Amino acid sequence: MTDDSLNPELIELANALLDAARKGDAETVRAFLDHGAPANLRDASGNTPLMLAAYHGHAALVTELAARGADVDLMNDRGQSPLAGAAFKGFTEVARARSRPGRTRSSASRAAWRRRATSSGARSWS
């Protein structure tokens, strides 16, 4: 499939979802997901709604996206994880949101987040 064959209306909807995640507009993100938008939708750079929410410090939205099936470990095309992006910007609340009770993550996933946070120069958050 080439870029020429993509439906412009679908691209516009995808961009609206990604912009809502970037802005922390949980109501709009929720509406898109409720109507079948994929939680792991990616932009041209491989960023997902969860990545954009994390990078812009929207911890509650990160938690909601993860609860709705967004993969917290997906990296963008530059090899950046959501946690590394949040750590780079100093959004420690995003990291804390990842470890709140009720989250279902494997111990391997938790260890991977800690390694990424540490390797990105961030403090180790528990």
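The values are calculated or read from the model by the stated rules, or taken from the named source; none is laboratory data. The shown structure was predicted, so the numbers you read here are calculated from the model rather than taken from an experiment. A quick note on method: Cβ atoms are made from the backbone with ideal geometry, for glycine too, and the neighbour counts reach across all protein chains shown. The accessibility values were calculated without ligands, DNA or RNA, using every heavy atom of the protein model including side chains. Shrake-Rupley method; radii C 1.70, N 1.55, O 1.52, S 1.80 Å.
Data for the structure
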quantity: Residue match in region 4-17 (condition: out of contact with any Cys (no Cβ under 9 Å at 6 or more places or on another chain), surrounded by fewer than 16 Cβ atoms within 10 Å (Cβ to Cβ), assigned to a loop (DSSP other than H, G, I, E, B) and at pLDDT below 95); calculated: yes
quantity: Near pairs, Cβ below 7 angstrom, 6+ apart or cross-chain, from region 61-74 (touching a residue at least 12 places away in the same chain (Cβ under 8 Å)) to any residue that is open to solvent by less than 50 Å² (accessible area, probe 1.4 Å) and among the polar types (S, T, N, Q); calculated: Ala70/Thr48; Asp73/Ser81; Asp73/Ser109; Leu74/Thr48
quantity: 2 or more residues buried (at least 19 other Cβ atoms within 10 Å of the Cβ) and at pLDDT 90 or above: qualifying helices (runs of 4 or more DSSP H) within region 24-126; calculated: 26-34, 49-55, 59-67
